[in-house]
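Colleague: Below is one structure. I have some questions about it.
The values are calculated or read from the model by the stated rules, or taken from the named source; none is laboratory data. All of these numbers come straight from a predicted model, not from anything done at the bench. Note that we place each Cβ from the backbone using ideal geometry, even for glycine, and neighbour counts take in every protein chain shown.
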């Protein structure tokens, strides 16, 4: 069981030498005490959505499949307020409890290393569960956060490697797809990879997508000003995993940035 982070706990950890001064973490720190009280891996498929503790998550709201979250929810059990997707499932978005992040900010650089926020394998992400009408978690969705600075967003595509490794014992079929009309490489490289798979038990399906390219209209240089369009590229990793008979969906097509 995870231990919730509180200022009192941080003070105790610091007093006991678990947190080192100057921003360095002692090697023997209690890692379990530094985890979010509830994260996306705790959202077990087949469990009721009520297992998500509203007091231990933030930004509880209806999801929009990678876009800005919409209607705020008081409790996960309010999921019927969210519009159904084509599958009939409803997306409930949440972020991890950021109390630790606020404490880190209050203490400035000393605990900056603890400012992880909602992450998977050290990548900033947006997470949600897909809920059936009877209140059962039928799927999860993870997408690298498109709101982060461009420099961090460039590496979002690399989360795909971690996710492929995590599900290495599944039956994965991966394909590196060619660029579509209008899409362009970034420099001389691009990634457009799709993996689909089935769990060893055969009851859960997943889809992994990774992109690193320029979409149609995302020119590297502004033709009028000759200035570099440093944010004009697409870089993301996305995981959708659902129980049968549901099938994971491809990422939506969004307007060019």
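Colleague: Kindly establish whether residue 117 is touching a helix residue (DSSP H, G or I) at 6+ places or on another chain (Cβ under 6 Å) and at pLDDT below 55.
Modeller: Judged against the criteria, residue 117 is not a match.
Colleague: Related question: Got a sec? Which strands (runs of 3 or more DSSP E) wholly within segment 126-218 have at least 3 residues that are within 21 Å of residue 69 (Cβ to Cβ) and touching a helix residue (DSSP H, G or I) at 6+ places or on another chain (Cβ under 7 Å)?
Modeller: So the answer is 137-144.
Colleague: Read through the list (1) in contact with a helix residue (DSSP H, G or I) (Cβ under 9 Å, 6 or more places away or on another chain); (2) surrounded by fewer than 22 Cβ atoms within 10 Å (Cβ to Cβ), then give the number of the only condition that residue 96 fails.
Modeller: For residue 96, the exception is condition (2).
Colleague: Using the structure shown, decide if residue 243 is free of Cβ contacts under 8 Å to residues at least 40 places away in the same chain and either under 25 Å from the mean Cα position of the chain (by Cα) or surrounded by fewer than 17 Cβ atoms within 10 Å (Cβ to Cβ) (or both).
Modeller: no
Colleague: Can you find a residue in segment 199-217 that is more than 22 Å from residue 46 (Cβ to Cβ), touching a strand residue (DSSP E or B) at 6+ places or on another chain (Cβ under 9 Å) and exposed (fewer than 11 other Cβ atoms within 10 Å of the Cβ)?
Modeller: Taking every residue of segment 199-217 in turn, none turns out to be more than 22 Å from residue 46 (Cβ to Cβ), touching a strand residue (DSSP E or B) at 6+ places or on another chain (Cβ under 9 Å) and exposed (fewer than 11 other Cβ atoms within 10 Å of the Cβ).
Colleague: Residues 237, 230: which one is touching a helix residue (DSSP H, G or I) at 6+ places or on another chain (Cβ under 6 Å), at pLDDT below 95 and closer than 21 Å to residue 149 by Cβ?
Modeller: 230
Colleague: Can you name the number of the only condition in (1) exposed (fewer than 14 other Cβ atoms within 10 Å of the Cβ); (2) not in a helix (DSSP H, G or I) that residue 80 fails?
Modeller: Going through (1) exposed (fewer than 14 other Cβ atoms within 10 Å of the Cβ); (2) not in a helix (DSSP H, G or I) one by one, residue 80 breaks only (2).
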